[in-house]
1. Can you tell me the length gained on complete extension of the stretch residue 273 to residue 97, counting 0.36 nm per residue apart and subtracting the Cα distance?
2. Taking 0.36 nm per intervening residue step and subtracting the Cα-Cα distance, what contour gain separates residue 187 from residue 405 on full extension?
3. Once the Cα atoms of region 303-423 are picked out, what are the Rg and Dmax in Å?
4. Mind ordering 431-443, 153-165, 221-233, 174-186 by average Cβ neighbours within 10 Å, highest first?
5. Between residue 388 and residues 5 or more places away or on another chain, which pairs have amide H atoms under 5 Å apart, with H built 1.01 Å from N, and which residues are they?
6. Over region 160-235, calculate the relative contact order: mean separation of alpha carbon pairs under 8 Å at least 6 apart, over the residue count, as a percent.
7. Report ³J(HN,Hα) in whole Hz for each residue of region 18-34, in order, from the Karplus equation J = 6.51 cos²θ - 1.76 cosθ + 1.60 where θ = phi - 60°; Gly and Pro get x.
8. Measuring from centroid to centroid over Cα atoms, what is the spacing of region 207-235 and region 13-63 in Å?
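The values are calculated or read from the model by the stated rules, or taken from the named source; none is laboratory data. Note that the structure is a prediction, hence the values are computed from the model and not measured. Glycine also receives a Cβ, built like all others from the backbone with ideal geometry; neighbour counts cover every protein chain displayed. The area values use the complete protein model at the heavy-atom level, side chains included, leaving out ligands, DNA and RNA. Shrake-Rupley method; radii C 1.70, N 1.55, O 1.52, S 1.80 Å.
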Amino acid sequence: MHPRLAEDLDSLPDLLDAASKLAAEALGGVGERAAAVPPVGVRPAPLPVGGVGARGALHEFSRRWEPGFAASAGPRYLGFVTGGATPAALAGDWLTSAHDQNPASGMDSSAQDLERETVGWLAELFGLGAEFSGAFVTGATMSTVTGLAIAREWLGEQAGVTVSEDGAAALGPVTVLSGAPHSSVLKALSFLGMGRSALRKVPVLPGREAVDVGKLAEVLESLDGPAVVVANAGTVNTVDFDDLRAIAELKRRHGFWLHVDAAFGGFAALAPDHAALTAGLDQADSVVVDLHKWLNVPYDSAVQFTRRRDLQLRVFSNNAAYLGEIGETPDFLHLTPENSRRLRALPAWFSLTAYGRDGHREIVERCVSLARDLGARIDGSPHWELLAPVRLNVVCFAPAGDVTQARVDSLVRAIAEEGTTFLTPTVFDGRPALRAAFSNWRTTPADVELVFAALERVAAG
């Protein structure tokens, strides 16, 4: 054994304790650290030859890299839609690495059963019935890829071809309809060989990001063949929801595949005051849910659900002698693009076990309340303009007056450099804007005060 490896093995408990202390120091001060650290160039070091051992690696990380890391796990990081990691989820994530299980196969451990239990809990949280099956993937993008890959196989089924055998070219032109699709939908269509041009935008309601169901009905009436409809349960800019029940009624008449992006908006189902927004989600054929957003588990973690596991198996099955037979309950390696992967379900299992439905409901409701608080403050400021109602956990706003993209980009940089918070830019209804997304379990009303004060300082400066 290499001497450094042997030395680290002999002192493994002490090394883990040292790493734990380093992590505790980082998380203990995450509320006081800059939310974002504008990147500076770091010259790559040469590849180590002999190595410095684990303690040396901890030292090098602390010296060279940790100072440049954002406090993205902290309470005032409001960019993208970024959750933190609840204490239980973090513990589960560490144990995921320690046990290093590969849940793709059920031949050697109970890891798959833990994942199935966790998927079942999540399906229950989102109101999905027993007809849905699910599996963990890296994020909403791969969940979208998986769901649309199953949809592609369904399109083949309607046309009398097997896409998984004959290829996407056997389908011919494909029609995918959506009002305000997430950018990952285009990426998935490109990846799956259906092409970005397959996406056909349907008009949205005035001043909204929700699809005009009447216009969608008109488009469906005009089609000669089957289609895929991508609906939103929470858009990125304003957390707008398509009328899923009305779309499901259209589905009964026109027989399309309904794919619903509920990456973070689906968590509205946990809160009684907002659950009606997700009504009809259980009528979807495939559903996207991202867990490293509002479930507050570490990256990378998401789940995909579908009611057509038979088609999913046809797409992703991996037949090899060393993998054994595909049984009545297929191993996960037959259901997603990956074969081997880490046990992503364990942090989610820990957090759900530790805090239950009620604990995660409280996180959702608090985040919504905090977003509305910031929205009200922005609406009352002469420096800013609220661009849309705060429907859930995202505040979409812009500087008052005429605004250019350059002005918004300058403000995003200035806010990041100020350090109190971090926001991301967007474009809403053709207007350059900023967005603040509340999804971290640590965030409190005191953080909203600090964020708004920082925004006022930057706008006045």
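1. Working: separation 176, 0.36 × 176 = 63.36 nm, distance 3.78 nm.
Full extension from residue 273 to residue 97 adds 59.6 nm.
2. On the way: separation 218, 0.36 × 218 = 78.48 nm, distance 2.41 nm.
The span from residue 187 to residue 405 would gain 76.1 nm if fully extended.
3. 23.1, 68
4. Numbers: 431-443: 23.6, 153-165: 17.3, 221-233: 19.5, 174-186: 21.2.
The peptides rank, most packed first, as 431-443, 174-186, 221-233, 153-165.
5. 396
6. Values: 88 pairs, mean separation 27.6, N = 76.
Computed over region 160-235, the figure is 36 percent.
7. Listing the rounded values in order: 5, 5, 5, 5, 4, 5, 5, 5, 5, 6, x, x, 5, x, 9, 6, 4 Hz.
8. Region 207-235 and region 13-63 have Cα centres spaced 48 Å from each other.
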